[in-house]
Every structure is written in structure tokens, then in C-alpha cells.
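The values are calculated or read from the model by the stated rules, or taken from the named source; none is laboratory data. Source: prediction; values computed, not measured. Every residue, glycine among them, receives a Cβ derived from its backbone with ideal geometry; neighbour counts consider all protein chains shown.
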């Protein structure tokens with residue numbers, strides 16, 4: 001019988017907990033010996049600073065690793081010797097510090113450090129309640145459920161959204177709701193089915209993005225639907241491109257809050273690995289390392305959404321590292337979140353003033369860590385979108401799309417694989433704007449952008465090149481396969497029906513394609529695809545034309 005993902009996570013956390021326990025037993029023995037040596041010999045006073053640093057680290061890490069009582073006791077002992085440790089660092093009189101330490105050992109402090117190891121036998125239960133494994137998606141295929149008494153509407157929605165690559169299932173009423181919703185990503189429901197608020201199946205809507213088909217616009221109706229956790233209202237499902245656009249937005253928001261790229265730097269290896277296991281198990285992409293000197297090279301390679309960093313890591317000071325990162329313009333907007341067991345709010349604010357964006361006090365619960373990382377990554381990507389993505393389509397802006405194309409061109413040169421570049425342009429688009437207005441024109445542009453995003457691979461590069469023109473790069477793809485994919489998209493886009501001014505109409509697009517690595521530069525490849533596009537336009541539009549190899553021979 002296969003082991004559940006949550007049990008696997010629990011086993012990993014237990015292994016880390018045992019590693020931490022074994023390591024800490026030895027460290028606590030050294031701590032006790034060091035404190036007693038410091039009280040007896042002035043030349044051993046440095047051992048008191050080492051003891052303070054260990055207690056400070058345990059106060060922050062022990063609770064996260066499941067030894068909350070150990071962490072609380074370490075915090076009390078840390079605060080007791082902090083004044084003496086500070087005096088030693090500042091070069092105070094050794095005899096005076098020794099006298100203070102002896103007085104401290106005459107009280108409860110001695111028993112406190114001697115018996116500290118006993119708290120390693122008192123561990124919190126390993127909990128993975130926060131761990132809710134996401135289902136494995138096959139490519140970009142999402143499963144949608146439409147619940148509507150009108151079979152004609154259900155069939156229309158299913159057929160229309162299938163063109164965007166969605167799998168659509170349908171029910172005539174909520175009472176037929178499936179036993180499990182684990183594989184359903186979004187629900188579309190008719191408002192008449194929501195009138196009985198006591199229906200048991202309505203609780204399922206709390207867990208899923210929900211679109212309601214409702215023609216009622218009055219305040220009370222809309223407020224009631226919002227109270228039922230409906231996320232969006234659409235008058236009728238007939239306008240499939242508009243519906244697909246709203247589905248796309250809701251699914252993108254849901255995915256964005258569950259994923260992200262997190263970099264962690266911490267010199268406590270067990271704690272670092274604990275963070276990595278929790279975040280990775282929660283669906284995040286994680287790069288974790290304990291050597292701060294690798295920070296610049298790791299950032300350039302991984303390019304995270306956020307950076308989590310301890311305040312003090314041996315000889316490296318976290319805020320100094322943050323200030324160093326801000327030397328480079330590309331890291332000015334990188335959110336840096338400091339972790340520390342430091343509870344002094346003034347010191348926390350000082351750390352933030354030196355280059356950080358947030359401060360989290362250790363110990364950190366697994367659920368809090370995961371939620372913090374998800375929220376911060378989501379906000380970071382939202383801000384990044386304002387800079388890099390076209391506001392209408394959500395695709396890469398012109399300049400960034402060209403940058404990504406040139407990177408792929410260089411990658412082709414290094415690895416020797418073949419990639420394809422395509423230029424797409426909507427046919428007779430001016431007539432759409434003139435006949436129905438620019439708002440409808442924008443809807444057509446968004447419909448094509450959504451179709452491209454859903455039907456192409458995650459690794460493909462899609463950008464809005466300008467107006468109604470798009471740039472697409474298909475890495476590691478043959479010219480024949482690229483033509484096949486684009487011709488299928490061309491046919492499916494032409495089948496979409498738009499509604500405006502009580503009229504229905506369709507739009508087509510033309511495309512020109514070229515092999516990216518067949519040209520000396522990315523610019524030459526774009527130019528070749530662009531010439532092929534206009535050759536397609538002259539040949540009657542609505543199709544795909546391959547660039548001639550002699551475009552740059554003349």
C-alpha cells in the first residue's frame with residue numbers, strides 16, 4: 001500500500017528532529033563546561049560568548065524543530081547571560097565579568113544550564129495538518145465543473161471552453177455533486193441552484209473558485225452570492241471568450257497563491273533543512289544553503305521571488321548582506337525577510353532599516369512559515385507583473401519577450417537543439433474595433449492570449465509584441481511540430497464566437513514561423529518570421545506560413 005505524501009513529510013521531519021537532538025546533546029555538554037571554565041579562568045571568558053550564541057540559536061530553532069520547552073528555557077538562560085556576553089565583546093574588565101558570572105551560578109542559573117539537556121526528552125508531536133498535497137496536473141489541463149439545469153447551456157460551455165484546453169464536466173443540479181472534488185479546479189453554477197442556502201453541497205463551494213451565472217444585478221442578490229463564497233458573476237454563459245477570460249483569472253490567482261520560488265540562507269543546517277522540507281512539501285520551489293558567501297551566485301542562478309535569511313550567520317551579518325545586495329539594481333525590489341529569535345522591537349526595526357522588508361521572530365511554526373512564504377511570493381510576483389507583463393493580456397511585454405527570445409537563441413547555440421519563433425497577427429482587426437469598439441477589440445486580443453497560454457507549454461515564451469501582434473518562441477521544437485501546433489490553434493481560434501451589439505462574429509489570425517537557430521541573431525529570426533507573416537497576409541490571411549531560407553541570403 002503506497003505511503004501518503006503527508007506521512008512521508010512527517011518521516012522527514014522526524015529524521016531532522018533526531019539529528020537536531022543528537023547534535024544538541026554534545027553542544028549542551030560543551031556549553032556547561034564552557035560556562036564553568038569562564039567562571040574560573042579569565043582567559044576562558046570567550047567561552048561565555050560562545051555559550052550565549054548557542055543559547056540564542058536554540059531559543060530560535062528548538063521550537064521550530066519540535067522542542068518548544070527547550071527553546072523557552074534557552075531563551076531565559078540567554079537573557080540572563082546576555083549582559084555579560086556584551087561586556088566581554090566590548091572589552092570590559094574580566095574580573096568584574098567573572099564576579100557577575102559566579103554570582104549568577106550561585107543561583108538557579110547553574111541548575112538551569114546543567115539540566116537543559118533534559119528538555120531534549122520532551123518533544124512536541126510531529127504535526128503535518130498544514131500539509132495539503134496539491135494534485136498532480138497533467139500539463140496545463142484544468143478540470144471545470146458546470147452545474148446548470150439548462151442542458152443547452154451546459155453543452156455550450158463545455159464545447160466552448162474545451163477549445164481553451166479545459167476539461168469540462170457537467171451536472172444538472174447540485175444534489176448530484178460528486179463524492180470527491182479533489183480533481184476539480186473551478187465551479188460554474190446557475191444562480192437558481194443557490195436559492196436554498198441550506199443545501200449540503202453548498203459547503204463545497206468554500207473550497208473552490210466559483211463563477212455564478214446570474215442576470216440579477218441588485219445589491220441584495222450580489223451580496224448574498226458573495227456571502228456564499230461566489231468569486232465572480234457573469235450574466236450568461238453565451239460569451240465564451242469572456243467566460244474563459246474570467247476562468248483564466250481565477251485559476252491564475254489560485255495557483256499564484258500556492259507556488260513561488262524561495263531562497264533560504266541560514267547557518268543552522270537542521271533548521272535550514274526543516275524549512276526546505278516544509279516549503280517544498282507545500283508546493284514551493286526552494287533553494288537552501290548555509291554558506292552566505294554563495295549568495296550572489298545562487299541568486300543569479302535561481303532568481304527567487306523572495307529571500308529568507310537569518311540575521312546572524314557566524315561572521316556574516318544578515319543586514320550587511322542585504323545592503324550589499326541592494327548595490328545591484330536587479331535586487332533592489334527583491335523582498336528580504338529576516339528570521340531571528342531577537343524579540344526587541346527596536347532592534348528589529350533597525351534590521352529592517354538596513355535593507356530588509358519584513359522580520360519574523362523565531363521559533364516559526366510550519367504553517368506560519370508556509371503561509372508567509374506563499375503570501376510574500378504572491379505579492380512579489382504581482383509587483384513583478386506590473387513591470388514585466390502586458391496589463392491587458394498578462395503576456396510578456398515587447399522588450400522582455402525579445403530578451404527571452406535572445407536568451408533562447410544563445411541556449412540553442414550552446415546546446416545545439418532546435419527552437420522556433422513565430423509572429424502572429426489578428427486578421428482584419430481594425431474592422432473589429434471600428435464595428436464594435438475598442439473594448440470588444442480588447443476582448444478578442446485577450447481571447448487569443450488566453451488560448452495561447454493554455455494550449456502552449458509552460459516552457460514556451462509568449463509575448464504581446466504590439467497592438468494585435470504576438471511573439472511566440474517554442475524551445476526545443478522542430479519546425480514541423482511548430483507548424484502543426486499553430487495550425488491547430490488557428491482552426492480552434494476561428495471557431496470561437498464573440499458577442500457584441502446583439503451580433504455574433506468570429507476572428508482569425510495569421511502566423512509566420514522560422515527556425516530560431518537558423519539565423520545569426522534573434523533579431524534576424526524575428527525579421528524572418530515577420531516577413532513570413534506578411535507573406536501569409538498577402539496570400540489571403542488565416543493560416544501559417546514558413547519563412548523561406550533565403551530571407552537573409554540577399
* With respect to residue 486, is the statement that it is within 23 Å of residue 401 (Cβ to Cβ), surrounded by 14 or more Cβ atoms within 10 Å (Cβ to Cβ) and without any contact (Cβ under 8 Å) to a residue 60 or more places away in the chain true? -> no
* If you take the residues in the stretch 200-210 that are out of contact with any helix residue (DSSP H, G or I) (no Cβ under 6 Å at 6 or more places or on another chain) and not in a helix (DSSP H, G or I), which one is nearest to residue 149 (Cα to Cα)? -> 210
* Structure fact -> Considering the stretch 289-307, residues that are within 20 Å of residue 270 (Cα to Cα) and touching a helix residue (DSSP H, G or I) at 6+ places or on another chain (Cβ under 8 Å), and then whichever is surrounded by the most Cβ atoms within 10 Å (Cβ to Cβ), we arrive at 307
* To do: May I ask you to verify whether residue 474 is within 30 Å of the chain's Cα centre (by Cα), more than 18 Å from residue 160 (Cα to Cα) and assigned by TED's automatic domain parsing to the domain that holds residue 428?
  => yes
* Asked: So residue 47 clears everything in (1) at pLDDT below 90; (2) more than 30 Å from residue 285 (Cα to Cα) except one condition, right? Which one?
  -> (1)
* Asked: Before we move on, is residue 415 out of contact with any helix residue (DSSP H, G or I) (no Cβ under 8 Å at 6 or more places or on another chain) and in the same structural domain as residue 481 (by TED's automatic domain parsing)?
  -> yes
* Within the stretch 105-112, is there a residue that is in a loop (DSSP other than H, G, I, E, B) and either at pLDDT 90 or above or surrounded by fewer than 16 Cβ atoms within 10 Å (Cβ to Cβ) (or both)? -> yes
* Asked: Here are 342, 367, 408: which of them is under 28 Å from residue 517 (Cβ atoms), in contact (Cβ under 8 Å) with a residue 12 or more places away in the chain and out of contact with any helix residue (DSSP H, G or I) (no Cβ under 6 Å at 6 or more places or on another chain)?
  -> 408
* Is there a residue in the stretch 175-187 that is at pLDDT 90 or above and either outside any loop (DSSP other than H, G, I, E, B) or not assigned by TED's automatic domain parsing to the domain that holds residue 35 (or both)? -> yes
* Being out of contact with any strand residue (DSSP E or B) (no Cβ under 8 Å at 6 or more places or on another chain) and in a helix (DSSP H, G or I) is the filter; apply it to the stretch 302-340 and report the residue that is nearest to residue 363 (Cα to Cα). => 320
* Out of the residues in the stretch 113-132 that are surrounded by fewer than 17 Cβ atoms within 10 Å (Cβ to Cβ) and within 40 Å of the chain's Cα centre (by Cα), which is modelled with the lowest pLDDT? -> 132
* Considering 230, 286, 265, which residue is surrounded by 20 or more Cβ atoms within 10 Å (Cβ to Cβ), in contact with a strand residue (DSSP E or B) (Cβ under 6 Å, 6 or more places away or on another chain), touching a residue at least 12 places away in the same chain (Cβ under 8 Å) and assigned by TED's automatic domain parsing to the domain that holds residue 189? -> 230
* Could you run through the stretch 58-70 and say how many residues are in contact (Cβ under 8 Å) with a residue 40 or more places away in the chain, assigned to a helix (DSSP H, G or I) and surrounded by 23 or more Cβ atoms within 10 Å (Cβ to Cβ)? => 4
* **The lone exception for residue 359 - which of (1) part of a helix (DSSP H, G or I); (2) closer than 21 Å to residue 64 by Cβ; (3) free of Cβ contacts under 8 Å to residues at least 60 places away in the same chain it fails** => (1)
* If you take just the strands (runs of 3 or more DSSP E) that sit entirely in the stretch 497-551, which of them hold at least 3 residues that are farther than 16 Å from residue 486 by Cα? -> 498-500, 503-505
* **The listed residue being buried (at least 17 other Cβ atoms within 10 Å of the Cβ) and assigned to a helix (DSSP H, G or I), out of 241, 237** => 241
